[in-house]
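A short write-up of the structure that comes next.
The values are calculated or read from the model by the stated rules, or taken from the named source; none is laboratory data. Owing to the predicted nature of the structure, the values given are computational and were not obtained by experimental measurement. Here Cβ is always computed from backbone atoms with ideal geometry, including for glycine, and neighbour counts include all displayed protein chains. Side chains are part of the model used for accessible areas, which takes the heavy atoms of the whole protein and leaves out ligands, DNA and RNA. Shrake-Rupley method; radii C 1.70, N 1.55, O 1.52, S 1.80 Å.
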Amino acid sequence: MDNTPDNTTKIRFFTATISLLLSLFAVYSDDLINSDGILYIETAEAFLQGGLAETVKLYNWPFFSICIAFVHQLTQLPLELSAYVINTLLFVLLTDSLILLSKKTLANQQQLFIAALIMLCFITLNDYRSFVIRDIGYWAFCLLGLYRFIKFIELPSFNNATFWQLAIITATLFRIEGAILLACLPLYVLFTTPVTTALKQWLKLNYVVIFSLVIGSVVSMSLTGFAESFGKLATVVNYIEPDKFLANFTARSSIVEHQVLNKFSADYSGLILSSGLLVMLFYKLIKALTVGYLGLYIASHFKYKLSPPSAYRNLFIYFFLINIGILAIFMFNHFFVSKRYAIVAILTLLLLLLPRLCQLIQQTWQQKKWSWLTIIALVLTINFIAGMTKSNSKHYVKNTAIWASQNLPSESKVLTDDEYINYYYRTHQPEHQLTRLDIGSYNNAYHRYEFEKITSSYQQFDYLILVEKRKNKALAAMKANMQLEPIFSQQNARGDKASVYQVISVSKDTN
């Protein structure tokens, strides 16, 4: 280890400041709130109007929405802005936790600063800075919990045990998957310490959980709507029921057997399905780490010999495997996995790669190898720019919704096909009559039914607001059979547009 002054506080402050600024920039430059964010804000509205009993009608894990509602009540900020404030602060906590964890594995302060740059430029994180999602709270408190678990290993006190449990319990309140970490991570002490000591430490690591379960059982019986509002607790039980899992997997394997494979390979349907899912998961993890970071990591093996691994490398590997297990359970139950669900595993994997990445960058800088420094700078810059820029503007959707809310007569009946139009219209004029039907997104059987429904009933409305993607031929065909007069429209550079139409009454035309 080096003898330079400990600048960890300065590096943490630098990282927190840049993270805050990046989140503010991402939110300011983003065009639309994400669709999940609309659900969370609507759930927060329901909580403010009717408490937990109302939230269950929209969502069955409302902790994040309740946080939004409380911030709104404390600050009087709009619900959407309250959500952005929460997520911006959670991103600061997330990046700070990454710095604290990195310090446990890196050799010196220079490498810690390099780790901060790598994290701040990481495209997979920056992609989500403008999102209103509960996942950010889950990521932040999972990694904070891992750090507090390390502090407990260093000093097995009740204080450290309490902080670890509070962090992971909070992560669980954001996403139910935290319960698996809460149950599995303390088992690490059973593998690494003598049995008697391990049992004492395990009890310390779970005493808040045991007490909370007792209190929670009492509260759930006394609070109206509590059990229903947090209905996702039942999903954990469903995931660990072998009969349901096997029945679901067998049904999907049967589809592969009869609709994909020929008779000579039909017996391998289960193997093909399971291996395909695992390859998909592996691909998503590798892709999320980015080609640039992986390339630098591979190059480090050829350029420098790594110093001995840190004492916490095995813990990181164990934490990573738990998260892979969570992803595998989800994937084999739902047969898909999103990159967003894998962020904790991705960040843990990045933490495992950091010692080599930071050593490569540090020694390359010290030796003034300008060609390699140029490559490293390009990798970081490309990651940063790609994560902080958006491809196509969608301001036209928001602007059209706001224009309609401010210019259409208050007594008019308005119909739209788009959730964003519906959200921004209601946000600016909640008293106006607005109806939303899914009429123009895809050309499948369901939406053909919706097309028929809308074309037969649109005359009941005064105005129609549509988001028209240039490749949506089904929507264009639907419009051809309707009596509409355009009164306002905006579009982006690609030709996608949002339009307000006045419905021409057929009865009036006949007269």
Can you tell me which residue in the range 394-427 is most open to solvent (accessible area, probe 1.4 Å), limited to those that are farther than 12 Å from ALA498 by Cα and small (Gly, Ala, Ser)? SER410
Those residues of the range 393-431 which are within 20 Å of THR43 (Cα to Cα) and either in contact (Cβ under 8 Å) with a residue 24 or more places away in the chain or part of a helix (DSSP H, G or I) (or both), in sequence order: ASP418, GLU419, TYR420, ILE421, ASN422, TYR423, TYR424, TYR425, ARG426, THR427, HIS428, GLN429
Select the helices (runs of 4 or more DSSP H) contained entirely in the range 27-81, then report the ones holding at least 2 residues which are polar (S, T, N, Q) and surrounded by fewer than 18 Cβ atoms within 10 Å (Cβ to Cβ). 35-50, 63-75
Please tell me if LEU48 is on the phi < 0 side of the Ramachandran plot and at pLDDT below 95. yes
For ALA115, the lone unmet condition from (1) modelled with pLDDT under 95; (2) open to solvent by less than 40 Å² (accessible area, probe 1.4 Å) is (1)
Specify the residue that is most open to solvent (accessible area, probe 1.4 Å); the eligible residues are those in the range 141-184 that are over 22 Å from ASN333 (Cα atoms) and of a type in the set (Val, Ile, Thr). ILE153
Please indicate, with yes or no, whether at least one residue in the range 373-380 is of a type outside the set (Ser, Thr, Tyr), in a helix (DSSP H, G or I), touching a strand residue (DSSP E or B) at 6+ places or on another chain (Cβ under 7 Å) and surrounded by fewer than 20 Cβ atoms within 10 Å (Cβ to Cβ). no
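Taking the options LEU190, LEU155, LEU199, LEU143, name whichever one is touching a Ser or Thr at 6+ places or on another chain (Cβ under 8 Å) and either at pLDDT 95 or above or farther than 16 Å from ILE343 by Cβ (or both).
LEU143
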Scan (1) exposed (fewer than 14 other Cβ atoms within 10 Å of the Cβ); (2) at pLDDT 80 or above for the single condition TYR293 breaks and write down its number. (1)
The listed residue being part of a helix (DSSP H, G or I), of a type outside the set (Lys, Arg), out of contact with any strand residue (DSSP E or B) (no Cβ under 8 Å at 6 or more places or on another chain) and without any contact (Cβ under 8 Å) to a residue 24 or more places away in the chain, out of ALA161, ALA179, ALA167, ALA183: ALA183
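Taking the range 329-340, which residues are of a type in the set (A, V, I, L, M), in a helix (DSSP H, G or I) and within 17 Å of the chain's Cα centre (by Cα)?
To start, the set of residues in the range 329-340 that are of a type in the set (A, V, I, L, M) comprises 329, 331, 337.
Checking which are in a helix (DSSP H, G or I) leaves us with 329, 331.
Selection gives MET331 alone.
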Of all residues in the range 472-501, how many are among the small types (Gly, Ala, Ser) and either touching a helix residue (DSSP H, G or I) at 6+ places or on another chain (Cβ under 7 Å) or surrounded by 14 or more Cβ atoms within 10 Å (Cβ to Cβ) (or both)? 4
Checked the range 328-380 for anything closer than 21 Å to TYR318 by Cβ and basic (Lys, Arg); matches are ARG356
Which of the following residues is of a type in the set (S, T, N, Q) and touching a Pro at 6+ places or on another chain (Cβ under 8 Å): THR105, THR88, THR75, THR95? THR105
Have a look at GLY325, GLY270 and point out the one that is farther than 18 Å from PRO355 by Cα and without any contact (Cβ under 8 Å) to a residue 40 or more places away in the chain. GLY270
Restricting to the range 356-372, what's the tally of residues that are in a helix (DSSP H, G or I) and either open to solvent by 30 Å² or more (accessible area, probe 1.4 Å) or touching a strand residue (DSSP E or B) at 6+ places or on another chain (Cβ under 9 Å) (or both)? 7
Inspect all residues belonging to the range 7-16 and state whether any of them is open to solvent by less than 50 Å² (accessible area, probe 1.4 Å), modelled with pLDDT under 90 and outside any loop (DSSP other than H, G, I, E, B). no
